[in-house]
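Here is the structure we will look at, set down as structure tokens.
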Amino acid sequence: MTARPRADRRLGLALLAPTLAALGVLTVFPGVWVLWLSLQHRVPIFGVARFAGLDNYAFLAVDPRFWSAALTTALFTVASVALELALGLGVALALARQRRGRRLALSLLLLAWAMPAVVTAKLFEWLYHPAAGLINVALGGRALNWLGDPRLALAAVVLADVWRAMPFVALLCYARLLAIPAELYEAAQVDGAGRLATLGRITLPLLARILLLALLFRTLAALRAFDIMFVLTGGGPAGATETLTVYAYRSLFQMLQLGFGAALGVVVFVLVMAVAWAYLRLGRAAAPAG
Amino acid sequence: MRRAGPALADALVLLALAAYAVPFFWQLLTSLKPEAELLRLPPLLPSRLTLEHYRVVLAQSLIPQALWNSLGIAALTTLLALALGLPAAYALARLAVPGTRALLLVIVASTAFPQIATVSPLYLLLRALALRDTWTGLVLVHASFALPLTIWLLAGFIREIPIETDEAAAVDGAGWLAAVRWVLLPLLAPGLASAALLTFLFSWNEFLFAYTFTASEASRTIPVALALFPGVYEVPWGDIAAASMLASLPPVLIVVGLQRFLVSGLLAGAVKD
């Protein structure tokens with residue numbers, strides 16, 4: 001009886017070894033390296049490479065561009081996640097009542113989710129065209145410069161991101177709705193509960209967990225978002241859509257400040273981990289209540 | 001009224017979702033519009049449809065090479081992630097390996113890893129290994145990035161298969177490898193398809209790593225080529241629309257043709273805890 005578990009263990013480790021090696025070299029090692037990089041002044045084109053301690057972080061603390069990027073990241077995250085959850089929930093409720101054409105409905109819905117974010121950016125760049133864009137025409141021939149006006153650009157980026165990510169939220173909620181037994185609704189009907197009461201007392205409480213999960217996934221994704229603003233606006237106009245990720249990228253590969261850019265990357269990493277940790281705490285606190 | 005109600009509601013939902021997909025269909029229409037009518041709106045519909053933009057993109061741009069790069073890199077990424085991930089998932093789901101719980105936690109945590117944090121060290125690493133601007137470099141990076149999700153999905157799918165099926169095969173005298181090959185793998189096929197599709201889509205769509213680690217048409221993938229699509233004097237909206245449609249072709253085929261596997265993969269990745 002003791003030989004079997006030991007053999008299992010050896011086999012298990014052998015099967016895991018290639019994965020652990022790959023993740024070690026290509027995820028863990030870079031994860032540690034970026035911390036080390038962030039403690040250096042490193043500008044390859046000038047041959048600068050020296051230890052800087054916490055200089056890069058000290059500079060971030062008083063860098064107005066950093067705080068502006070942090071604010072943009074926060075605005076982008078809150079606005080897009082809130083819209084994605086609200087819209088996604090609505091779409092899921094509508095889809096769950098669908099009797100025929102569900103496959104077609106899901107195809108139309110998931111189209112936006114499945115294509116590359118760069119394509120989404122190109123789609124919306126064309127829709128936002130000041131003269132020939134469908135959006136301005138639909139607004140009655142206005143000439144709004146969506147991507148060129150600092151007051152509109154962030155909203156334009158949020159809209160494109162919501163379009164792309166909402167289907168994921170809708171799909172999660174939709175699957176949960178299908179798993180609710182019909183008897184629950186029938187019982188509510190027998191008890192004379194109206195539609196609104198059924199929604200408030202049965203449907204939404206049962207969706208709470210999945211909505212919380214969608215909130216986590218989408219918040220993490222919004223904090224990490226890069227493609228959509230980088231391609232759609234490049235962080236412009238006048239920095240109006242420059243998030244922390246875009247600032248980090250520009251520092252790394254356009255200003256070639258590897259150490260400083262690494263510090264920005266570490267900040268994004270810490271933000272993501274903090275949100276995930278807060279979520280786990282929240283989940284644990286809520287668990288006993290149901 | 002009672003009979004027409006549900007059918008009408010169904011039709012309205014489909015109509016609303018079709019409206020939601022308008023940005024895509026509008027780009028499709030744009031890709032088929034004659035050059036002279038692109039910047040004139042209204043009318044909404046063009047006087048005639050043309051394949052001219054597709055001809056230009058396929059014959060005179062770097063898009064075909066980028067599509068080929070993307071196809072190769074995404075396919076190899078998928079193969080590599082499955083080759084590494086399947087044994088790992090089997091070990092985590094079926095064998096008493098010490099520290100399984102901790103390992104699973106690390107794997108879940110690493111799916112949240114921001115690319116922007118590792119992009120600079122990976123750049124230095126690939127440069128040191130002379131793997132910049134190669135398929136190999138991008139495949140390695142994509143596969144390792146997709147690996148946690150692949151393992152997570154596959155371990156979940158393996159757990160859904162009752163352990164008795166493995167044990168029954170073992171009792172029949174089959175070695176564990178034979179049991180895996182002839183009993184577990186066939187049952188796992190739909191799960192493998194889901195994991196493969198999601199990995200393929202991730203690699204096909206990925207932009208930040210591909211943009212940073214490529215430098216020429218030797219390895220530029222389709223999102224990168226699309227982001228860098230050149231315009232000489234003015235933006236070639238029709239050509240960009242055609243290139244966008246070509247870039248969306250595999251995702252669209254997956255959504256329409258392999259929807260079942262895509263949906264089950266997405267849900268399994270999210271809902272299992």
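Taken together, the values in this text are just the output of simple stated rules run on the coordinates, not laboratory data. Every value quoted in this text rests on a predicted model; they were computed, and no experiment measured them. In this analysis, Cβ positions are derived from the backbone assuming ideal geometry, glycine residues included, and neighbour counts consider all displayed protein chains.
Selection among A:Gln40, A:Leu26, A:Leu15 by position relative to the dipole of segment A:1-96 gives A:Leu15 as farthest towards the positive end (Cβ unit charges, Cα centre).
Springs join every pair of Cα atoms under 10 Å in this Gaussian network model of chain A, and among A:Ile228, A:Ile210, A:Ile202 the largest mean-square fluctuation is at A:Ile202.
Shielding value for A:93-101 is 4, the average number of Cβ atoms from other chains within 10 Å of each residue's Cβ. For the protein assembly as shown, the dipole from Cβ point charges (+1 on Lys and Arg, -1 on Asp and Glu) about the Cα centre works out to 740 debye, to the nearest 20. Please go through segment A:208-282 and write out the chymotrypsin sites (Phe, Trp or Tyr not before Pro) that DSSP classes as loop and that have at most 14 other C-beta atoms within 10 Å. Sites meeting the loop and neighbour criteria: none at all.
Calculate how steeply helix B:185-205 sits against the longest principal axis of the alpha-carbon atoms of chain B, using the helix alpha-carbon long axis, and give the answer as 0 to 90 degrees to the nearest 10. Its long axis makes an angle of about 40 degrees. For chain A, modelled as a GNM whose springs connect Cα atoms under 10 angstrom apart, the maximal fluctuation among A:Leu184, A:Leu110, A:Leu39 occurs at A:Leu184.
222 nm [θ] for the protein assembly as shown, helices only, -39500 (n - 2.57) per DSSP H run of 4+, per residue, to 500?
Helix contribution divided over all residues of the protein assembly as shown: -23000 deg cm²/dmol.
An oblate overall shape is assigned to segment B:10-107, the ratio a/c of its alpha-carbon gyration tensor axes (a ≥ b ≥ c) being 1.5 or greater and a/b not exceeding b/c. Given +1 at the Cβ of Lys and Arg, -1 at the Cβ of Asp and Glu and no other charges, the dipole of segment B:192-273 around its Cα centre is 300 debye to the nearest 20. Principal-axis analysis of the Cα atoms of chain B puts helix B:237-257 at an angle of about 30° to the longest axis.
Shielding by partners for peptide A:207-219, expressed as the average number of C-beta atoms from other protein chains within 10 Å of each residue's C-beta, is 1.
Considering only B:Gln65, B:Gln115, B:Gln27, the mean-square fluctuation computed in a Gaussian network model of chain B, springs between alpha carbons under 10 angstrom, is largest for B:Gln115. Take each peptide in A:9-21, B:174-186, B:40-52, B:68-80, count the other Cβ atoms within 10 Å of every residue, and average; sorted highest first, the result is B:68-80, A:9-21, B:174-186, B:40-52.
Ordering B:Gly156, B:Ala146, B:Ala117 by Cα displacement along the dipole of segment B:74-223 toward the positive end leaves B:Ala117 in first place; charges were set at the Cβ atoms of Lys, Arg (+1) and Asp, Glu (-1). Applying a DSSP loop filter and a limit of 10 other Cβ atoms within 10 Å to the GluC sites (Glu not before Pro) in segment B:166-273 leaves B:Glu234. For segment B:186-273, the list of trypsin sites (Lys or Arg not before Pro) that fall in a loop by DSSP and count at most 16 other C-beta atoms within 10 angstrom reads B:Lys272. The spacing between segment A:37-72 and segment B:83-128, judged by their C-alpha centroids, is 29 Å. What separates the Cα centres of segment B:1-56 and segment B:175-248 is a distance of 26 Å. Averaged over peptide A:133-142, the number of partner chain Cβ atoms lying within 10 Å of each residue's Cβ comes to 2. Close amide-amide hydrogen proximity is noted between A:Gln40 and A:Ala52, each under 5 Å apart and 5 or more residues distant or on a separate chain (H modeled in the peptide plane; Pro and chain starts excluded).
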